[in-house]
Structure formats: C-alpha cells, structure tokens
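Beneath this line is the structure, given in structure tokens, with notes to follow.
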Amino acid sequence: MKLHEYQGKDILRQFGVNVQDGKVARTPDEVRQVAREYGQPVVVKAQVHVGGRGKAGGVKFSPTEDKAFENGEKILGMDIKGLTVNKVLVTRAVDIDAGTEYYVGMIVDRNVQSYTLMASAEGGMEIEEVAAATPEKIIKHRVDPVTGLRPYEARDVAIKAGFKGNLNKIADMMVKMSEAAFARDAVLVEINPLFVGPDGVPVALDTKFEVDDNAMYRHRDLADWRELEAEHPLEIEASKYGFAYVKLDGNVGVLGNGAGIVMTSLDVVNRAGAKPANFLDIGGGAKAEIVYNAVKLVSKDTDVKAIFINIFGGITRADEVAKGVIQALNDGILTKPVRMRIAGTAEDEAKALLAEVNSPLIQMYPTMFEAADEAAREANAASQGSK
Amino acid sequence: MGILVDKNSKVIVQGMTGREGASHSRAMKEFGTQVVAGVTPGKGGQDFEGWPVFNSVAEAKSATGANVSIIFVPPAGAADAVLEAAHAGIPLIILITEGVPTVDMMRAVQEVKALDEHSRAHGGEGVRLIGGNCPGLVTNAEAKVGIMPNKIYATPGRIGLISRSGTLTYEAAKLLNDAGMGTSTTVGIGGDPVIGTTFADVLPLFEADPDTDAVVVIGEIGGADEEAAAEYIKTSMKKPVVAFISGRSAPKGKRMGHAGAIIMGDVGTPESKLAAFQAANVPVADTMPEIIDLVKQALNK
C-alpha cells in the first residue's frame, strides 16, 4: 500500500527522523491558515499517489499568505495523471540554495534477498533517472535483516556517496529510516531530498513510503489510511474479490490463473496485434463464482472490447471456469466476446458445458495463440467500429 | 531419478490438518510420495486419515526419520514454520504458502543459509529452502512434494525444469510430455522477491544429475535471477539450457501480481535478460511451444 507523503513523514517522525514540519489542508482557507501559523514562505504540495507531482504543477512555492491561498485553489481539485487532488501538505519553505540535497532510500532487493540501502549526492531528482544516467553515483549497501543497519555502515555509505555535513546525524537519520522500514514492513522508503543546511543538520523534505501488502495484517492502524477515492474504482472492486488486477490501456480484457500465465497472456495478446486492457489473476483453485466476478469486473471496463481467458487448470477446474462464464452470459453481464483457452483438469467437462450453451459470445480454442488471435481480432474490429 | 526428491524421500506436512494441507497430502500420496506424518501444534497424538500427527517437527522427525518437509502454514506463521523445520534438522524444506511478509522471509532465508553453512562445515548435509509462494517440486513417477497436477508428471523424462511461475511450470511440463520428452525433476522456485533457492542454486544439481540431459528455465521480468543463472551457465555448465521469459510486453513500473515481477530502472528488463542468455549461448523461446523446438535442437547438437 502506498502512503501519502504526509503519512510517510508521520511514520518517520515516530521513529525519530528529523522531518520538515507540515500540515494537511483540504480547502484554500485551510492552506491560508497554515501559512499564517508558520509564517511565510511556505510550499503547497499535492498529496496524490503518483510521481512527478512537481512537473505536473502540483508543488508550488508560496511567498505570501495570499499566494498560498491562490496556490491552494489551483492545486486542490487538480487532476494529476488521472487522480484528483483532495488534500495538500503545507510545509515551511527551505532555502534550497543555502544547502545541499541528497537522496537516501531502502528497497526490497531480490538480488541480495534483503533490503538494499541506496544513497546518492544527486538528491532532489527522481532516483530512476539518476540510476539510468549515472549509476555510479548511487552507492548501494545490503542491510542485514537480522541486525538491521548499524551506524558505522550508514556513515560509510554516506562518506562513499560524498555527503557533507554532520555525518553522525546524517547516519543516524539513515539508521532510523531503516528501523522504520523493518518495523513497518516497507517495500520502499525514500527520503528525497534529504536536505543538509548550513548548520550541517539533515532534514527530510520529502518522503515516499510503501508498505508490504502481505504484512498489512500487523499494521491495522495503517489500513485506516487507505483512501479508496485515491484508487481506480475497478482496482478497488478487484481488491474486494482478492484478485491481482492492474488496469492497462488496451482493448482486450485478459484473465488467467496465476501471475505467470497472465503475464504470458499479455505477451500473446501483444503478438496478436492488440493491446491488453488489464492484467487479472484470479489465483489458484477458483470456483465458478470467482470466475463470474472476474468476468463481471472486466466487462465493466468500457475499454474492453473482447475478453481473453487463459487457464491451465491444476487446482483450478476447467468446468468451474466454464460455469462461471456461462453464468455471466445467462445473467446478461457478458455482452462482449469471450475467447478462451482452457487446458488441464476437467477440460472435457468444460467443452461439454460450452457445447450445450452454444453461444457465439463464448468460444474455446485448443491453444492460447488461437484464442488470443480471435480476441484481438474481435477487439480491434469493435474498436474500429466505435470510432 | 532426478534431483532433490525421489521415491525414498520421507515427507512430513506442516499444516496437514488445514484445508490445503489435507487435500495436497492426499494428492501427494496418490502420486506415490512417501508422506509419513503431519505436524499441527496442539493436535499431536491424533490420527489424520491414517497419518500420525505431531506437535512439532522435531517429534515428527525423530519418530519417522523424515528428511523433507512441505509447509502449508498460513502467512503469519510460515517463516516460523520454516525455521522450526530447519532447526529440527530437516535438510529440504518446501514453503508453499503465498503472501508471507517479505521482512519475515528476509530473516528466515538468511538464518537458513547460516544453518546450511554451519551444517556443511561440520560434515552435515546442509539445509535447503525452496519457496515460498511456490508450487513445490516433483521427480516424475517417483515423488511429488508440491501442488502440481499429478497427471503431467506420471511418466519419467530427462529434461530438468526450473520456473518462477507455478502455472507456466505446468504448461511447460505438459508441452514436454506431449512432445514425448517429459521432465526429470521440476522445481518451482517461487515468484516472491525473497526466496530460499534461485535458478543458479538449482542448475548445478541438474548439471550433476546423470538422469537429466537438458534444462529448461522459465523466467520472468524483474530481479536479476535470470542474469545470475546465465552467468553460471556460461562459466560452469556443459548441459544445454533453453530459456523462456514471461512478461516481455509488460509496461514498465507496473507490478504484475508477483511482487517480483516489476521492472526497476534497467535491472530486470527483458532486454537485459535476453542479452545475458545470449551471452551464455542459451536460446530463448519467443513462445512456450517454441521451447520444444529449441530443446530438440539443443539435444541434437
């Protein structure tokens, strides 16, 4: 689960990280209120779960109270990459030119089977851009999952990355960030920029924090922070059913049993000359009702012009899949062509059920390629027709 | 024959009395696996469908001489179950459970590796963890310690198979079967970001196995396991290897189900994996059926 900047900052503050003051505002008047309380200048920052807020005009320096109000009006309600800004964070402004901006972050790294701590003197930028252009400017260090990050290791990383300032305090900030990551099951935690002013003391100006969904059961307090309005409505519905679902920008709905087969299904749809509209993994052992819900979910997406179902039944029974699809047809939910490849357990029973229904909307094919080709053809024809 | 498990393997099931544990214990028995006992804390002394149930792995091991454990314990207790088995001296542990918190896995994997080194340094046989979030492993017609469908592993074959994805493992095994080749051992290593055994850990076992002629590696985008595998193949492997990479068309930055399947910067891109396999002379199939052609070509060389 992704947290907002202000929420990530709250967590880091609880672990003793020196975080830039800030308050959340939901109306331009509230923005003015905070600006008055802090004294000027302030910065008004959109709170949305996407990167590149600054470039999109979602972060604005505000030298006066009136300007803060005006910027609040501009940013609140703004659309950034499809998400509406409902909240802003108002912080005291820092004279960036008087100090230095650095980057520190921790990420789950399968290559070292633990967290990797990353530090770079190229702060303030997207770390992906730094990694792409100048990978040598990012210092990486495996964090021991049993002992955690120790101060001498953090100092060593800071020195290698070329950090200047109070090294003990900078290392201490990294250690506390690491403690927060372990304690709160972070998948990713970043402080960027980590700003070091003329006094040499570090302060976290911006943060990113993402919590491991598998560990949410032990962070029930954070679950309350989840904002459904900040997520795609179909993704919310998918999470209710327990599906792994990602909205994509094509016209073929794709569903299958297992992340691997669904990823390969996306590849096959692309090869067939269409684009997937989504990734939907119904998981293992799905019964008819689950398949029914999956078909319902994908059918609701107006971008979807045809549905490609790719199942290799092990625990999952092909006849259950067929039953779910047929039920959706009978209930009038299924109005788009479904092209499927179902192999494995109870394949013959599934074929028999579909033969009985004999609807042109549901067709089964012997291979995933034929099913994907047909789904792609149907979807592209429908997309042409609707233009 | 094959690697890691055979008809002599004695298997205990941690979490046997749960829904998944029970149904897969039955399926493993049907396959012919020697399932010798179950472990469910609090149910020790009971009988479960003819199997004795023990309160702890240590008790189960000393009573039965088990040398493999398969775990169906829910996520919150899964890492603990792994450590219990490892400390009880079970040399091969298979964690099926999906959704185990990553921090728990980091700690468990590190501890298992430390125990493994310690055991080997003192003349023991070591400790190996496979998974979590994996389908397990199966040596055709001998033993299945996992959740794969029994049917496609009924006849012996000579192709080793390693995969990060469960369903694609079945897909590949069936293709190899239908082509009349079949698999020796299939190892599902799991799709999570932190797992006990990687491609590069399994490849040496196949290289040393007299009953395996070639190996198929089913990888996916994200991580650098495929790159590490390619490096091992390049420097140390004589048997032919054929690869497939799933998710090559996936959009960058989106996480596709598995936490592992995400592209970070330039690491783990399909291009980097293709380049690594190319450098190791490993042909990469564009589609799954093409795997068969490539394996045939490799065997005829």
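The values are calculated or read from the model by the stated rules, or taken from the named source; none is laboratory data. All values reported here derive from a predicted model rather than from experimental measurement. Every residue, glycine as well, gets a Cβ built from its backbone with ideal geometry; the counts of neighbours run over all protein chains shown. All accessible areas refer to the heavy atoms of the entire protein, side chains included, with ligands and DNA or RNA removed. Shrake-Rupley method; radii C 1.70, N 1.55, O 1.52, S 1.80 Å.
Of the numbered conditions (1) surrounded by 15 or more Cβ atoms within 10 Å (Cβ to Cβ); (2) not in a strand (DSSP E or B), A:Asp221 satisfies every one except a single condition; which is it? With (1) surrounded by 15 or more Cβ atoms within 10 Å (Cβ to Cβ); (2) not in a strand (DSSP E or B) applied to A:Asp221, the lone miss is (1).
Of all residues in segment B:188-246, those satisfying the criterion of being at positive phi and at the interface with another protein chain (Cβ under 10 Å from one of its Cβ atoms) are B:Gly222, B:Gly223.
Name the residue that is farthest from the other protein chains (Cβ to nearest Cβ), counting only residues in segment A:86-109 that are of a type in the set (Val, Ile, Thr) and outside any loop (DSSP other than H, G, I, E, B).
First, pick out the residues of segment A:86-109 that are of a type in the set (Val, Ile, Thr): A:88, A:90-91, A:94, A:96, A:100, A:104, A:107-108.
Cutting the leftovers down to outside any loop (DSSP other than H, G, I, E, B) gives us A:88, A:90-91, A:96, A:100, A:104, A:107-108.
On the way: A:Val88: 25, A:Val90: 29, A:Thr91: 27, A:Ile96: 25, A:Thr100: 24, A:Val104: 17, A:Ile107: 7, A:Val108: 5 Å.
This residue is A:Val90.
The numbered conditions (1) within 14 Å of another protein chain (Cβ to nearest Cβ); (2) over 30 Å from A:Arg184 (Cα atoms); (3) over 18 Å from the mean Cα position of the chain (by Cα) are all true for B:Asn55 except (1).
Every listed requirement among (1) among the small types (Gly, Ala, Ser); (2) in contact (Cβ under 8 Å) with a residue 12 or more places away in the chain; (3) surrounded by fewer than 15 Cβ atoms within 10 Å (Cβ to Cβ) is met by A:Gly54 save one, (2). Hey, any hits in segment A:235-251 for a residue that's within 30 Å of A:Ala376 (Cβ to Cβ), more than 8 Å from chain B (Cβ to nearest Cβ), modelled with pLDDT of 90 or more and touching a strand residue (DSSP E or B) at 6+ places or on another chain (Cβ under 7 Å)? The answer is yes; a qualifying residue exists. For the structure I just gave you, tell me whether A:Pro360 is within 14 Å of chain B (Cβ to nearest Cβ) and over 30 Å from the mean Cα position of the chain (by Cα). Against the criterion (within 14 Å of chain B (Cβ to nearest Cβ) and over 30 Å from the mean Cα position of the chain (by Cα)), A:Pro360 does not qualify.
Suppose the filter is open to solvent by 10 Å² or more (accessible area, probe 1.4 Å), aliphatic (A, V, I, L, M) and farther than 19 Å from A:Ala372 by Cα; does A:Ala352 pass it? Outline the logic, then answer.
Working: open to solvent by 10 Å² or more (accessible area, probe 1.4 Å): yes; aliphatic (A, V, I, L, M): yes; farther than 19 Å from A:Ala372 by Cα: yes.
For A:Ala352, the condition - open to solvent by 10 Å² or more (accessible area, probe 1.4 Å), aliphatic (A, V, I, L, M) and farther than 19 Å from A:Ala372 by Cα - is met.
Restricting A:Asp156, A:Asp212, A:Asp172 to residues that are of a type in the set (D, E, K, R) and at the interface with another protein chain (Cβ under 10 Å from one of its Cβ atoms) narrows the list to A:Asp212. Taking the criterion of being in contact with a Pro (Cβ under 7 Å, 6 or more places away or on another chain) and either closer than 21 Å to B:Val100 by Cβ or polar (S, T, N, Q) (or both), the only residue of segment A:164-208 that qualifies is A:Asp185. Considered as a group, the residues in segment A:268-294 that are buried (at least 24 other Cβ atoms within 10 Å of the Cβ) and within 13 Å of A:Gly313 (Cβ to Cβ) include one that is farthest from the other protein chains (Cβ to nearest Cβ), and that residue is A:Val291.
Is it the case, given these coordinates, that A:Val112 is open to solvent by less than 10 Å² (accessible area, probe 1.4 Å) and either over 30 Å from A:Gly148 (Cβ atoms) or part of a loop (DSSP other than H, G, I, E, B) (or both)?
Numbers: open to solvent by less than 10 Å² (accessible area, probe 1.4 Å): no; either over 30 Å from A:Gly148 (Cβ atoms) or part of a loop (DSSP other than H, G, I, E, B) (or both): yes.
The answer is no for A:Val112.
Determine, yes or no, whether A:Glu129 is open to solvent by 30 Å² or more (accessible area, probe 1.4 Å), on the phi < 0 side of the Ramachandran plot and either touching a Lys or Arg at 6+ places or on another chain (Cβ under 8 Å) or within 14 Å of another protein chain (Cβ to nearest Cβ) (or both). So A:Glu129 passes the test.
The set of residues from segment A:312-336 being touching a Leu at 6+ places or on another chain (Cβ under 9 Å), under 23 Å from A:Gly260 (Cβ atoms) and of a type in the set (S, T, N, Q) is empty. With respect to the conditions (1) modelled with pLDDT under 95; (2) open to solvent by 30 Å² or more (accessible area, probe 1.4 Å); (3) touching a helix residue (DSSP H, G or I) at 6+ places or on another chain (Cβ under 7 Å), B:Gly99 lacks only one, and its number is (2). Which condition from (1) without any contact (Cβ under 8 Å) to a residue 24 or more places away in the chain; (2) within 14 Å of another protein chain (Cβ to nearest Cβ) is the one that A:Asp221 breaks? So the condition that A:Asp221 fails would be (2).
Output the residue which, of all residues in segment B:15-44 that are charged (D, E, K, R) and modelled with pLDDT of 95 or more, is nearest to B:Ala78 (Cα to Cα). The extreme case among them is B:Lys43.
Restricting segment B:120-175 to residues that are under 21 Å from B:Ala214 (Cα atoms) and surrounded by fewer than 24 Cβ atoms within 10 Å (Cβ to Cβ) leaves a set whose member that is farthest from the other protein chains (Cβ to nearest Cβ) is B:Arg158.
Would a scan of segment B:16-29 turn up a residue that is among the polar types (S, T, N, Q), in a loop (DSSP other than H, G, I, E, B) and farther than 21 Å from B:Val127 by Cα?
Going through segment B:16-29, the residues among the polar types (S, T, N, Q) turn out to be B:17, B:23, B:25.
Pick out the ones that are also in a loop (DSSP other than H, G, I, E, B) and you get B:17.
Next cut, farther than 21 Å from B:Val127 by Cα only: B:17.
Checked segment B:16-29: at least one residue is among the polar types (S, T, N, Q), in a loop (DSSP other than H, G, I, E, B) and farther than 21 Å from B:Val127 by Cα.
Determine if segment A:172-188 includes at least one residue that is assigned to a strand (DSSP E or B), crowded, with 22+ Cβ neighbours inside 10 Å and at pLDDT below 95. Looking through segment A:172-188, at least one residue is assigned to a strand (DSSP E or B), crowded, with 22+ Cβ neighbours inside 10 Å and at pLDDT below 95.
Mind counting the residues in segment B:104-145 that are within 20 Å of A:Thr316 (Cα to Cα) and modelled with pLDDT of 95 or more? Residues meeting the conditions: 5. When residues in segment A:57-85 are screened for being open to solvent by 50 Å² or more (accessible area, probe 1.4 Å) and in a loop (DSSP other than H, G, I, E, B), 5 of them pass. Taking first residues from segment B:188-203 that are assigned to a helix (DSSP H, G or I) and partners that are hydroxyl-bearing (Ser, Thr, Tyr) and open to solvent by 10 Å² or more (accessible area, probe 1.4 Å), the Cβ contacts under 6 Å between residues at least 6 apart in sequence or on separate chains come to B:Ala200/B:Tyr232; B:Leu203/B:Tyr232.
Here is a yes/no grid of residues against (1) free of Cβ contacts under 8 Å to residues at least 24 places away in the same chain; (2) open to solvent by less than 70 Å² (accessible area, probe 1.4 Å); (3) touching a strand residue (DSSP E or B) at 6+ places or on another chain (Cβ under 7 Å):
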residue	(1), (2), (3)
B:Ser9	no, yes, yes
B:Gly15	no, yes, yes
B:His24	no, yes, no
B:Ala27	no, yes, no
B:Glu30	no, no, no
B:Val35	no, yes, yes
B:Glu49	no, no, no
B:Pro52	yes, yes, yes
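Comparison of A:Val94, A:Val88 shows that the only residue that is modelled with pLDDT of 90 or more and open to solvent by 20 Å² or more (accessible area, probe 1.4 Å) is A:Val94. In segment A:217-234, the residue that is modelled with the highest pLDDT out of those that are over 13 Å from A:His49 (Cβ atoms) and in contact with a Leu (Cβ under 9 Å, 6 or more places away or on another chain) is A:Leu222.
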